[in-house]
Amino acid sequence: MYKSQKIRPIALGLIRDRGRIFLSQGYDHVKQTDYYRAMGGGVEFGETSLVALQREFQEEIQAQLTNIKYLGCLENIFTYNGQPGHEIIQLYECDFVDPKFYQLEQLVFKEGARKKVALWVDIKDLESGSLRLVPEQFMNYL
């Protein structure tokens, strides 16, 4: 994910609905494992994390957010595809404006040149460990 040795500020949104949570699915080729994380992305210079959160959802899946509530700040030091990473996460709880997003099973979208999948995941699958949520501190907010 990161080739440079810089700390990356990001804004992520937790969207829940009846015992499930909307997450992006990823794959670590070195560890050969799937993982799931909240959607969002990088905070650009001169942009607040709230604005970044809204922009990222609009850019990636053309979704507007409502009922946005700040949950807290997390620090994530990790290894992805064999490369070290370090993020400062501004975490928000929010809802979709358009109810159609709650009816989707999954949504394919582009992030740069890569195709990614976002989907509703049963929170029980995350709690049991059958699906891996990253960073693990997110479990405290479910």
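Rounded to the nearest 500, what is the 222 nm mean residue ellipticity of the chain from helices alone, with -39500 (n - 2.57) per DSSP H run of 4+ residues and division by all residues? Kindly include the intermediate steps, with their values, before the conclusion.
Numbers: 3 runs with 22 residues, N = 142.
Computed mean residue ellipticity for the chain: -4000 deg cm²/dmol.
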> For segment 62-132, what are the per-bin percents of Cα-Cα distances with bins 5 Å wide, up to the bin holding the maximum?
Replying inline: 3, 11, 11, 18, 30, 19, 6, 1
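Treat segment 8-141 as a sphere of radius equal to its Kirkwood radius over Cα pairs and apply Stokes-Einstein at 37 °C in a medium of 0.692 mPa s; give the translational diffusion coefficient in µm²/s, rounded to a whole number. All intermediate terms of the calculation are to be shown ahead of the outcome.
Working: Rh = 15.2 Å.
Estimated diffusion coefficient is 216 µm²/s.
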> Each residue of segment 116-121 in turn: what ³J(HN,Hα) in whole Hz from Karplus with 6.51, -1.76, 1.60 and θ = phi - 60°, glycine and Pro shown as x?
Replying inline: 10, 10, 10, 7, 7, 10
> So how far apart, in nm, are the two label points at Arg16 and Leu142 if each is 7 Å from Cα heading toward Cβ?
Replying inline: 1.1
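Tell me, what is a quarter of the convex hull surface for the C-alpha atoms of segment 1-59, in nm² with one decimal?
Values: hull surface 21.8 nm².
Over every viewing direction, the Cα hull of segment 1-59 projects on average to 5.4 nm².
Since every read-out is calculated from the coordinates, none of them should be taken as a lab result. Keep in mind it's a predicted model, so treat the numbers as computed, not measured. Heads up, the Cβs are rebuilt from the backbone with ideal geometry, glycines too, and the neighbour counts pull from every protein chain shown.
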